[in-house]
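Take a look at the structure below.
Read the figures in this text as sums done on the coordinates, not as results from a lab. Keep in mind that this is a model prediction, so the values were computed, not measured. With ideal geometry, Cβ positions are generated from the backbone for all residues, glycine too; neighbour counts draw on all protein chains shown.
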Amino acid sequence: MSINLSTLHPAPGARREKRRLGRGHGSGRGKTAGRGTKGQKARTGGGVPGYFEGGQNALVHRMPTRRGLHFKSVPRPRPAIVNLRDLAAFPANERVDLAAMIAAGLVDRSARQVKVLADGEISHPLTVVAHAFSSGARSKIEAAGGQVELVESRPAEER
């Protein structure tokens, strides 16, 4: 017998029958249907949210608040990524900086920093100017006879 979606079923006894509430006194779950008598939790749609603490000042209201410009979390700028295989398109002995990478379409115009990674090979010398290099990229560029120039980012205090 082949198994397909139409022949699948749970093992016997694996699924319990749904408890039928409010079906008369003889069922043992009649009248109030296991909800007790009156109160917020007995009503339709009633219930207490998980964060409610019985009327005491809730945790979210006990915590100190910090508002304003100086307490916003500012995401750290991420450098644009360029691989060595992308730099191989430039002619030999050329200086490749952020402007050249933008002009070649390797990074977006909004990029402010560039990191060069060692994915791929480079066979001719280039002078690569970037904000960061992986150790593998640095060694491959220098092994091909090229130079690596590191751009110093301004510290946060000067901005």
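Here are some notes:
- Here the chain was treated as a single set of alpha-carbon atoms; its pair distances binned every 5 Å from 0 give 1, 6, 10, 10, 7, 5, 4, 4, 4, 5, 7, 8, 8, 7, 6, 4, 2, 1, 0 percent.
- Straight-line reach from K41: taking Cα to Cα under 22 Å and skipping same-chain neighbours fewer than 8 places apart, the lysines in range are K18, K31.
- Available extension along the chain between S153 and K115 is 12.4 nm, counting 0.36 nm per residue and deducting the alpha carbon span.
- Against the compact-protein benchmark of 2.2 N^0.38 Å, the Cα-based radius of gyration of the range 48-121 scales to 2.16.
- For the chain, built as a Gaussian network whose Cα springs stay under 10 Å, the top-fluctuating residue of G136, G26, G50: G26
- Mean projected area of the Cα convex hull of the range 80-152, taken over all directions, amounts to 4.0 nm².
- Listing F133, F52 from fewest to most neighbouring C-beta atoms within 10 Å gives F52, F133.
- GluC sites (Glu not before Pro) within the range 54-159: DSSP coil, no more than 12 neighbouring Cβ in 10 Å: E121, E152
- Other residues whose C-beta falls under 9 angstrom from the C-beta of H131 contribute a net charge of +1, scoring Lys and Arg +1 and Asp and Glu -1.
- Within the range 1-74, all pairs of alpha-carbon atoms sorted by distance into 10 Å bins from zero give the percentages 13, 19, 18, 18, 16, 14, 3.
- Ranked S139, S73, criterion: other C-beta atoms within 10 Å, fewest first: S73, S139
- C-alpha center-to-center spacing [the range 36-95, the range 1-15] in angstrom: 43 Å
- Length-normalised contact order for the chain - Cα pairs under 8 Å, 6+ apart - percent: 14 percent
- Net lengthening on full extension, H61/T32 (0.36 nm per residue, minus Cα-Cα): 6.9 nm
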